[in-house]
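Input: a single structure, listed below in structure tokens.
The values are calculated or read from the model by the stated rules, or taken from the named source; none is laboratory data. Being a predicted model, the structure only gives us computed values, none of them experimental. Cβ: placed from backbone, ideal geometry, glycine included. Neighbour counts: every protein chain shown. When the accessible area is computed, the model is the full protein with side chains, heavy atoms only, and any ligands, DNA or RNA have been set aside. Shrake-Rupley method; radii C 1.70, N 1.55, O 1.52, S 1.80 Å.
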Amino acid sequence: MTVSPTGVGDFSALARRKEQRAWYWYDWANSAYVTTIATVLFSPYLTSVAEKSSCGFAGTDTHKCTTDLHVLGITVSPGSLVFYVVTLSTIFSALVLPIVGAHADRSPHKRKLMGRYAWVGSVFAAAMFFVTGSDWQLGALLLFGANIMLGSSLVVYDSILVDISVEDERDRVSSRGWALGYLGGGLLLAINLAVVTLHDSLGMSTAFSVRVSMLSAAVWWAAFTVIPYRGIRDRPPLGRVPEKGNLVRQSFGQLAATLRDMRNFPVTLTFLLAYLFYNDGIQTVITSASVYGDKQLGFSTSVLIATILLVQFVAFGGALLFGRLAEHYGSRRIILAGLGVWMLVVTTGYFLPAHNITLFLCLAVGIGLVLGGTQALSRSFFSLLIPRGREAEYFSLYQACERGTNWLGTLVFGLVHQLTDSYRPAIFALIVFFVVGGVLLARVDPERGIREAGNEVPSVV
């Protein structure tokens with residue numbers, strides 16, 4: 001079997017598609033956690049638990065909890081707790097995920113690593129069922145652990161994209177994975193919407209129905225991970241001569257080498273900085289949407305789940321649409337157009353009146369159209385800028401800026417809320433991330449970056 005300049009074996013297109021179809025299913029699997037738990041249910045649930053501990057009641061849009069928690073002598077607003085936990089998990093990720101990536105690049109068992117991280121993460125997610133009363137400390141620890149494991153599994157998963165596709169297939173394969181993820185997350189969310197909405201007829205309290213829904217997401221994540229685990233084949237590491245010592249020592253050695261060599265790939269570095277900013281904005285909008293809708297706009301849990309459900313299904317079509325547009329106009333141009341829509345989203349969110357479901361749903365449609373597309377094309381575009389043999393390590397840096405592991409955006413959102421006691425200026429403050437990210441992305445020269453990384457330039461970039 002010959003090897004193309006990309007390092008992808010020239011096995012048949014049929015064999016590639018078979019692995020690609022298995023690979024898609026991990027987007028389907030982990031999206032249950034990202035959607036049901038991280039995006040919709042756990043943020044407002046943990047916020048309410050923290051408010052009960054601090055104020056003795058769960059705050060509403062008309063009766064707010066303004067008494068702070070005290071964590072290791074630090075004053076923390078209950079409404080900002082979730083965002084600070086996400087911030088801390090991402091700072092920790094910045095230290096851990098590059099080592100995870102370096103380890104994966106050295107290992108001939110990527111799919112096994114991906115599965116192990118996913119299953120440990122699903123255990124953390126399942127344990128969220130036991131967060132009750134005012135036990136916000138347990139909830140914070142479980143959210144921290146699940147986010148770290150999600151990021152670790154995605155580092156390995158994203159790097160496998162390079163192993164199972166050639167350059168001209170990347171946008172299509174990445175977009176289909178994201179689309180299937182939104183479809184899977186949406187289907188489970190639809191079931192959970194029914195459970196939460198009909199909790200009385202099912203003999204459940206609202207809190208118990210939320211806990212059961214979070215448990216279902218954990219089981220979904222674990223169960224569907226079996227498909228890519230069995231359908232993707234392991235490959236020997238390519239392109240690097242191992243350093244002496246055990247795998248951990250080799251991982252640190254590769255990380256140090258990559259950090260030194262990044263100056264040789266300035267276009268890749270510029271894109272990574274751009275992605276750091278605009279994806280922090282995207283992830284913070286996603287993370288804060290349920291809290292914003294609950295605490296600022298006064299919508300019930302069932303309305304929030306229905307809205308996120310709408311976003312999921314619109315994002316399914318949006319991801320496929322962006323993939324098609326990228327085939328004709330290039331992924332960088334389409335991402336830039338998407339960032340313009342994101343700026344409009346946060347501006348509209350600032351002025352959105354409370355209790356206006358129609359406008360809230362219109363905003364959700366706008367988010368759905370650009371959500372999947374900007375993320376899918378960012379992943380495939382970045383894969384073209386990575387030198388062969390370092391995919392997992394570069395994707396570990398990418399994952400430090402990826403969904404559920406952002407920190408700049410959540411830190412700004414939490415601080416602005418704590419200073420103003422309002423989520424409106426906090427949501428609008430996120431526009432700076434899209435502006436800075438867009439300016440940096442506009443400076444990226446795709447053809448130069450792809451050639452510097454030693455990859456083939458696709459027919460359209």
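The calculated 222 nm mean residue ellipticity attributable to helices in the chain amounts to -24000 deg cm²/dmol, summing -39500 (n - 2.57) over DSSP H runs of n ≥ 4 and dividing by all residues. What the Cα convex hull of the range 10-160 gives, in volume per residue, is 114 Å³. Put a dot 7 Å past the Cα of residue 18, heading toward its Cβ, do the same for residue 324, and the two dots end up 3.0 nm apart.
What's the FRET efficiency of residue 233 with residue 119 using the Cβ-Cβ distance as r and R₀ = 22 Å, to the nearest 0.05? Plugging the Cβ-Cβ distance into 1/(1 + (r/R0)^6) gives 0.70. Relative to the longest principal axis of the Cα atoms of the chain, helix 431-442 runs at roughly 10 degrees. Working note: Debye formula, equal point scatterers on the alpha-carbon atoms of the chain, no solvent; log10 I(q)/I(0) at q = 0.07, 0.09, 0.14 Å⁻¹ is -0.32, -0.54, -1.34. For residue 64, a cut-off of 24 angstrom between C-alpha atoms picks up these lysines, skipping any fewer than 8 places away in its own chain: 52, 295.
In terms of the mean number of neighbouring beta-carbon atoms within 10 Å, the peptides 172-179, 229-236, 159-166 order highest first as 172-179, 159-166, 229-236. Among 391, 327, the sequence by solvent-accessible area, most first, with a 1.4 Å probe is 327, 391.
Accessible surface of residue 92, taken over heavy atoms with a 1.4 Å probe and every protein chain present, rounds to 90 Å².
Each part reduced to its alpha carbon centroid, the range 316-334 and the range 256-303 end up 20 Å apart. Counting only protein heavy atoms and using a 1.4 Å probe, the accessible area of residue 341 comes to about 50 Å². When the residues 23, 119, 136 are ordered by accessible surface, computed with a 1.4 Å probe over the protein chains alone, the sequence from largest down reads 119, 136, 23.
Taking all protein chains as they are arranged and a probe of 1.4 Å, the heavy atoms of residue 19 leave approximately 10 Å² accessible to solvent.
Here the gap between residue 208 and residue 356, fully extended at 0.36 nm per residue and compared with their Cα-Cα distance, gives a gain of 50.5 nm. Ranked by the mean number of other Cβ atoms within 10 Å of their residues, highest first, the peptides 421-428, 302-309, 34-41 come out as 34-41, 302-309, 421-428. Between residue 198 and residue 94, the C-beta separation translates, for a Förster distance of 45 Å, into a calculated FRET efficiency of about 0.60.
Computed over the Cα atoms of the range 286-401, the ratio of the radius of gyration to the Kirkwood radius (Rg/Rh) comes to 1.05. Rounded to the nearest 0.05, what FRET efficiency do residue 341 and residue 138 have when you use their Cβ-Cβ distance and R0 = 45 Å? The calculated FRET efficiency here is 0.75. In the full protein context, the chain carries 38 Å² of accessible surface per residue, based on a 1.4 Å probe and ignoring ligands, DNA and RNA.
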